[in-house]
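Beneath this line is the structure, given in structure tokens, with notes to follow.
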């Protein structure tokens, strides 16, 4: 895979306590597995299992990180609207 083929993912997972966590990764399947193994973000470790609720795919790391930041600034209600819930 060349750098031009690389994909960047911004995702929202729902935790077992119904809270939402937003993150960034280059491998969405591995990241969700990592979260559910208790090896992901500190926030999700005590809120397992997590369920993937939303994903956006980008060709640019910079754009993906900007989008992650923008989503993190949303209220929970705005995030729920974004994911269709």
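No value in this document is a laboratory result; all are computed from the given coordinates. Bear in mind the structure is a predicted one, so any value in this text is a computation, not a measurement. Heads up, the Cβs are rebuilt from the backbone with ideal geometry, glycines too, and the neighbour counts pull from every protein chain shown.
If you rank 18, 58 by fewest surrounding Cβ atoms within 10 Å, what's the result?
18, 58
Along each of the three principal axes of the Cα atoms of the chain, give the extent in whole Å, ordering the values from largest to smallest.
Principal axes ranked by extent give 39, 28, 19 Å for the Cα atoms.
Starting from the Cα-Cα distance between residue 61 and residue 7, subtract it from 0.36 nm times their residue separation and give me the gain in nm to one decimal.
Extending this stretch completely gives an extra 18.6 nm.
Fewest first, what order do 76, 42 take by the number of other Cβ atoms within 10 Å?
The order, fewest Cβ neighbours first, is 42, 76.
Suppose each label sits 7 Å from its Cα in the direction of the beta carbon; what would the residue 70-residue 52 distance come out to in nanometres?
Distance between label points: 2.2 nm.
Only helical DSSP H runs with n ≥ 4 go in: add -39500 (n - 2.57) per run for the chain, normalise by residue count and round the 222 nm mean residue ellipticity to 500 deg cm²/dmol.
When only DSSP H runs of four or more count, the value is -10500 deg cm²/dmol.
Going by how many other beta carbons lie within 10 Å of each one, how would you line up 11, 69, fewest first?
Final ranking by Cβ density, sparse to dense: 69, 11.
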